[in-house]
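Here is the structure we will look at, set down as structure tokens.
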Amino acid sequence: QHFTAPSQLLAGVKLMLTAGPTREALDPVRFISNHSSGKMGYALAAAAQQMGAEVTLVSGPVALATPNGVTRINVESATQMHAAVMQDIKHQQIFIACAAVADYSPKQIAEHKIKKTSQDALVIELTKNPDIVADVAAGTNKPFTVGFAAETQGVAHYAQDKLKRKKLDMIAANNVAAQNQGFNSDHNALSVFWPNGHTELPLAEKTTLATHLLTLIAEQYHDTNR
Ligand code: CTP
Ligand code: CA
């Protein structure tokens, strides 16, 4: 059996990723979260490390092992993820936002477990979280910034809108409503957009897809930094 060594397209490049879901606490025993497994982000972290990058993985709570040679920073909430990213972003050359960050979190975290009452309805007020990838892309000396877009409809339209609005260098969009791909699956397909190009990465295992996406990222990164 022959193994081809992954080409060192990212030799010595400092690359940071976010991955997994975030958890937004309601009280000491409850939180709001989503179905992200972290598999795509972890596959990207492993592939980037194999391509020679120095990888920092800022991760929400997931049931995955840290890939070999990758520095992992654990966080829970969107606010914590934002702080962990901002703390170190000035040292990074590539940033990939793969995390499924909660858009909103409870305005107040109850100090004690919220008790059931005789009322049939319970209203929880939410407040908007910081947009991590938009804040990274808005910085001076920003790294090559890649976002993801999880959509259930109008994939290309919403992805291109996010690319522009968040001033990203690239966006990888997936249709999370499609069968056997996206959230919690081992497979995914991606539509990738950058300011003057587009390509489709067909349904594949997330590990294979990660290598393909990173090859594209490396090409565009080296192109824009020439
Ligand atoms: N993202 C982020 N911080 C947030 C929300 C999103 O960094 N608070 C990043 C995600 O990691 C992803 C990209 O932004 O790379 C797009 O996330 P998505 O949820 O698709 O976009 P939103 O702008 O939140 O729009 P919406 O959820 O309304 O589609
Ligand atoms: Ca969102």
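The values are calculated or read from the model by the stated rules, or taken from the named source; none is laboratory data. Here the structure is a predicted model, which means the values were calculated and not measured. All Cβ positions, even for glycine, are placed from backbone atoms using ideal geometry, and neighbour counts span all protein chains on display. Surface accessibility is based on the protein's heavy atoms, side chains included, excluding ligands, DNA and RNA. Shrake-Rupley method; radii C 1.70, N 1.55, O 1.52, S 1.80 Å.
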Practice prompt. Consider only pairs whose beta carbons are under 8 Å apart and that are at least six residues apart or on different chains; among these, list those whose first residue lies in the stretch 63-81 and is touching a residue at least 60 places away in the same chain (Cβ under 8 Å) and whose second residue is open to solvent by less than 50 Å² (accessible area, probe 1.4 Å).
Written response: M81/T18; M81/T22; M81/V58; M81/G60; M81/V75; M81/A99; M81/V101; M81/I132
Response to the item:
Filtering strands (runs of 3 or more DSSP E) wholly in the stretch 147-226 for at least 3 residues that are without any contact (Cβ under 8 Å) to a residue 40 or more places away in the chain and of a type in the set (A, V, I, L, M) gives 187-194, 197-205
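Within the stretch 24-81, which strands (runs of 3 or more DSSP E) (wholly inside it) include 2 or more residues that are closer than 29 Å to I109 by Cα and among the charged types (D, E, K, R)?
Output list reads 24-27.
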Worksheet item: In the stretch 4-38, which residue that is in contact with a strand residue (DSSP E or B) (Cβ under 8 Å, 6 or more places away or on another chain) and hydroxyl-bearing (S, T, Y) is nearest to C98 (Cα to Cα)?
Response: T18
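State whether one or more residues within the stretch 137-144 are open to solvent by 80 Å² or more (accessible area, probe 1.4 Å), outside any loop (DSSP other than H, G, I, E, B) and within 16 Å of ligand 2 (Cβ to nearest atom). Full working, then the answer.
Filtering the stretch 137-144 down to residues open to solvent by 80 Å² or more (accessible area, probe 1.4 Å) leaves 140-141.
Then keep just the ones that are outside any loop (DSSP other than H, G, I, E, B); that gives none.
Within the stretch 137-144, not a single residue is open to solvent by 80 Å² or more (accessible area, probe 1.4 Å), outside any loop (DSSP other than H, G, I, E, B) and within 16 Å of ligand 2 (Cβ to nearest atom).
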Worksheet item: Assuming A110 fulfils every condition listed in (1) away from ligand 1 (no atom under 16 Å from the Cβ); (2) more than 22 Å from A78 (Cα to Cα); (3) open to solvent by less than 80 Å² (accessible area, probe 1.4 Å); (4) of a type in the set (A, V, I, L, M, F, W, C) apart from one, which condition is it?
Response: (2)
Practice prompt. Determine which single condition L190 fails, assuming it passes every other condition in (1) open to solvent by 60 Å² or more (accessible area, probe 1.4 Å); (2) among the aliphatic types (A, V, I, L, M); (3) more than 15 Å from ligand 2 (Cβ to nearest atom).
Written response: (1)
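Matching residues to (1) of a type in the set (F, W, Y); (2) more than 26 Å from L10 (Cα to Cα):
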site	(1), (2)
G69	no, no
H91	no, no
C98	no, no
Y104	yes, yes
Q119	no, yes
N129	no, yes
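May I ask you to list the residues in the stretch 99-136 that are within 13 Å of ligand 2 (Cβ to nearest atom) and under 15 Å from V85 (Cα atoms)? Lay out the reasoning, then the answer.
Just the residues of the stretch 99-136 that are within 13 Å of ligand 2 (Cβ to nearest atom), to begin with: 99-105, 126, 128-134.
Scanning the stretch 99-136 gives A99, A100, V101, N129, P130, D131, I132, V133, A134.
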